[in-house]
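Structure, as structure tokens:
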Amino acid sequence: MILDRTFLLKIAVGLALFALAAFSAFSLDNYQLQVGTSLAMLAVLCYAWNLVGGYMGYPSLATITFFGIGAYTDGIVQNLDQAIGVAWLAAAIAGAAIALLLGAALLRLKGHYFAIGTIATLEVAREIANNWDALTGGAIGLNIPIQMGSPEFVGRFFFLVMLALAVAAFLVTVVVDRTRFGFGLRCIRQNEQAASMVGIDVVRYKVAAFVLSGALSAAAGGVYASMVAYIEPKDAFNLVKTIEIPVMVMLGGMGTIFGPLIGSAFYVVLNEFVWANFINWHSGILGLIIVGVIYFLPGGVLGTRWPSAKGRMPMRARAAQPRTTA
Amino acid sequence: MLGQYLVNGLLTGGLYACLAVGFALVWGVLNVVNMLHGSMVILGAYVCIIGVQQFGVPLYVAAPLACIALFAFGYAVQRGLINRVVAQPILITLTLTFGLDLIVNNLLLYFVGATPRSLITNFGAVDLFGVRAPVVRIGGMLVAITLTLLLYWLLHHSKLGRAIIAVRMDRHAAALMGIRIPQIYALTFGIGALMAGAAGCAMALIYPTAPMMSGVFLGKAFIICVLGGLGSVPGAIVGGLVLGIAEGAGSLAFGPQWATTVGFVLMMAVIILLPSGLAGRKGFE
Amino acid sequence: MAEPILELRNVTRTFGGVRATDDVSLAFMPGEIVGLIGPNGAGKTTLVNLISGFLPVSSGEIRYEGRSIVRQAPHQIARAGIARTFQIVQPFAQMTVLENVMAGSIFAGALGLKAARAKAVEALEFVRLAPFMDMPASELALANRKRLELAKSLAMNPRVLMLDEVNAGLNSSEITEALGMIRAIAERGITIIVIEHLIRVVAELAERAVVLHHGAVLSEGPVDSVLKDPRVVEAYLGNRFARRFAG
């Protein structure tokens, strides 16, 4: 690992932010805890996507497939009277295993075919969840044992668990960013052929990133399922969500260690303060935000050169240049 | 029983071909996965439905009007918005069209509501190979297939069509030959929207449609394009018919609730095993 | 006589019936510079792609250090010590010049990041790109991008280095400089296969030349005698030029 002073500072800032969030858990009310939990969850999903979509440059739309698989695994395992921790572990393992299987096949595809192939995983997973009544409860959904305790206690508990997962996802990203693994992923993003010619085991690297991403997403899904205590196919495998995740990361900045956090935070703030007041225009406003990000923040918050003191404002930052001409 | 499913499959398949052909054209020529396609189908259906039901325009006028309106809409969207980012990585164009889809869909939902509406008309039914098939479905399928073939013919026999094909093969060479690429892109997207509108009108005759069904139509278009191979018109026809029949066979074998799954599983299999599609067209990256 | 470091035995590659490489048998000795020449479409780049594992052979065998490598993946071959440059240079455009070269020393050189960095700096100094170290690779001019490819390959610590048209597009003084570098690399004991279009380069650099024509070996031997081979002159320059060359 190469750790220069600025990077260490960045890690310290990140960890301080998470620590601050953890300590504030005891002074937040239930609503705030709920918002914080969903922020932490989105951050995990964004960090998971960022490994594949940001560092490696593969436009994956399978994040929510793994999230849903994690949610259902958690539900099924908890319904077998297993401890909640066992269920979460099982969720992460299921996500990793299925990512391994799917990745070996899907990662041979590029560009549109990869994107569509990953969307297809979501559709297939949802259909299976819908129709395999014996295992998933079908379209009616699956009830999961509720955690005992006062609403405050339960809310705080899940907030802290989700936050811990976000810290883990952040640390994974930090490590990936600064080790040969991440270096290799960045080479793959820019030129896969040249990457293999300098000795990078392209297939293994791609599958490894996909598995890591799948495990993180599934773990988030597992915790989510335990928290809401009820899941159904159209909620667990949601198409809009799977596209929202990359939008959030684009909003924050792809292939960076803070982009996913900034993007998801921005998004949650919008969600709470804007959409709550325009309930009928929820998806329309989301659409406007997406279009706005693409035209006005093509490199994300971190990749955009903000107006300097002299008032110059280049609209398109270098970081937004095409990474792959798919 | 089998005959019924086969005939149904073929009738649906014809509609599917029309549904997917615009999506295929845009994908092939612009290299854009148009997430807005499903909503454009709905938009076409509703322009037609509203024209007939609220303004009393005869169907044979309302449907072409819907197509023209969709063409104008598609042309404007491409010219004004998508052209500006068309050369960006696919994540950008895909999310942009997805964002536009959310906006259009939200507007549709606001103005026409969530209740499915249709133009269902009963023209009776006829015997087709010993199977009873409603006339309206046969008509819808025939119109859809005719339009699709017409598009194929136009692509190969008109000046615009040749230009579109030239851009599809090599946009740089086409630009050197004096073809105005942005204009061709906009016209292509317009034609794609027109075909979506036509498919919408045909759908409105047969099934009730609602804004929230746009995802279903988009999913079908995905599957058909992958089955038929990257963005080609004949591929869309092959893919449409294959999907129609496969869904019929799937419902027969596993029960109707699995019909959609069969399509997606088939698509996954084709993507992984035969990345150039059933029609075997090479040349995707 | 020493064992060849790289040996091709009856290597054939067909593309839908066309033999792009036709029954090629060649041996390369440690530390020698061999020119691989031939007219456009003779199959030079295909041969490089076969050796580097980028294309699978249709039949025949490629042996490196006494072991067959035909079933190995490109990255394994690269790590084993066979490096190549691309005819059309392929830098990692969004990385700096130093990072590009480090990619070579980290993965093929199997070094830790610190050692990889030192190795990369050394390679950059060798090709005289050290002043551009922190510049994005996409901003280099063509001649420097070619040198970057060279530095990247060197950082891989190769035993065999295939240079695919490394001089194409360079001016005369740039070529002279590049030739000096290539000679210095060979002096380290690295086998160099120079794939060239320019006869001048091969004549000045190589001890031995191999001429490919329609995928097959047309002539092989010391550079002087190969270049005088009438079949080579005809294949390389065409009939019209062959006559003028002769008289």
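The values are calculated or read from the model by the stated rules, or taken from the named source; none is laboratory data. The structure displayed is predicted, hence computed values, not measured ones. Note that each Cβ is placed from the backbone with ideal geometry, even for glycine, and that neighbours are counted across all protein chains shown.
Test A:ALA129 against the criterion of being of a type outside the set (Val, Ile, Thr), under 21 Å from A:MET41 (Cβ atoms), within 14 Å of another protein chain (Cβ to nearest Cβ) and part of a helix (DSSP H, G or I), and give yes or no. Here the answer is yes, as A:ALA129 does meet what is asked.
Restricting the first member to segment C:158-181 and to residues that are under 16 Å from C:VAL48 (Cβ atoms), and the second to residues that are among the basic types (Lys, Arg) and assigned to a strand (DSSP E or B), the beta-carbon pairs closer than 7 Å and six or more apart or on different chains are C:MET162/C:ARG84; C:ASP164/C:ARG84. Within this structure, C:ILE82 passes the test of being within 22 Å of C:GLU165 (Cα to Cα), more than 9 Å from chain A (Cβ to nearest Cβ) and not small (Gly, Ala, Ser). Please go through segment A:1-57 and pick out each residue that is at positive phi and away from chain C (no Cβ under 14 Å). Hits for segment A:1-57: nothing passes.
Annotation: of all residues in segment A:132-149 being hydrophobic (A, V, I, L, M, F, W, C) and either part of a helix (DSSP H, G or I) or surrounded by 17 or more Cβ atoms within 10 Å (Cβ to Cβ) (or both), the one that is farthest from the other protein chains (Cβ to nearest Cβ) is A:ILE144. From the list A:PHE183, A:PHE158, A:PHE210, the one residue that fits, being within 14 Å of chain C (Cβ to nearest Cβ), buried (at least 20 other Cβ atoms within 10 Å of the Cβ) and in a helix (DSSP H, G or I), is A:PHE183. From the list C:ALA155, C:ALA143, the lone residue that is of a type in the set (A, V, I, L, M, F, W, C) and surrounded by fewer than 21 Cβ atoms within 10 Å (Cβ to Cβ) is C:ALA143.
The residues listed here are B:THR148, B:THR97; of these, the one that is within 14 Å of chain A (Cβ to nearest Cβ), of a type in the set (Ser, Thr, Tyr) and buried (at least 17 other Cβ atoms within 10 Å of the Cβ) is B:THR97. Condition test on A:LEU239, is it buried (at least 24 other Cβ atoms within 10 Å of the Cβ), at negative phi and not hydroxyl-bearing (Ser, Thr, Tyr)? For A:LEU239, the condition - buried (at least 24 other Cβ atoms within 10 Å of the Cβ), at negative phi and not hydroxyl-bearing (Ser, Thr, Tyr) - is not met. Of the strands (runs of 3 or more DSSP E) lying entirely inside segment C:1-99, those containing at least 3 residues that are among the charged types (D, E, K, R) and modelled with pLDDT of 85 or more are C:6-15.
One line per residue, one yes/no per condition, for (1) within 18 Å of B:GLY38 (Cβ to Cβ); (2) in contact with a Lys or Arg (Cβ under 6 Å, 6 or more places away or on another chain); (3) part of a strand (DSSP E or B); (4) touching a residue at least 60 places away in the same chain (Cβ under 8 Å):
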| residue | (1), (2), (3), (4) |
| --- | --- |
| B:PHE123 | no, no, no, no |
| B:ASP127 | no, no, yes, no |
| B:VAL136 | no, no, no, yes |
| B:GLY192 | yes, no, no, yes |
| B:ALA204 | yes, no, no, yes |
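The set of residues in segment B:188-237 being of a type in the set (Val, Ile, Thr) and within 14 Å of chain A (Cβ to nearest Cβ) consists of B:VAL216, B:ILE223, B:ILE224, B:VAL226.
For the residues A:LEU61, A:LEU8, A:LEU28, the requirement of being in contact (Cβ under 8 Å) with a residue 24 or more places away in the chain and either more than 17 Å from the chain's Cα centre (by Cα) or farther than 30 Å from A:GLU127 by Cβ (or both) singles out A:LEU28. Which residues, taken from segment A:227-236, are of a type outside the set (A, V, I, L, M, F, W, C) and surrounded by fewer than 24 Cβ atoms within 10 Å (Cβ to Cβ)? Selection gives A:TYR230, A:GLU232, A:LYS234, A:ASP235.
Residues in segment C:49-74 that are in contact with an Asp or Glu (Cβ under 7 Å, 6 or more places away or on another chain) and within 16 Å of C:ARG159 (Cβ to Cβ): 2 in all.
Within segment C:86-105, if we keep just the residues that are more than 7 Å from chain A (Cβ to nearest Cβ) and under 18 Å from C:GLU122 (Cβ atoms), the residue that is surrounded by the most Cβ atoms within 10 Å (Cβ to Cβ) turns out to be C:VAL101.
Per the listing B:GLY244, B:GLY240, the residue uniquely over 19 Å from B:LEU25 (Cα atoms), more than 13 Å from every other protein chain (Cβ to nearest Cβ) and buried (at least 23 other Cβ atoms within 10 Å of the Cβ) is B:GLY244. Here B:VAL131, B:VAL143, B:VAL136, B:VAL126 are screened, and the one residue that is away from chain A (no Cβ under 13 Å), modelled with pLDDT under 80 and surrounded by 18 or more Cβ atoms within 10 Å (Cβ to Cβ) is B:VAL136.
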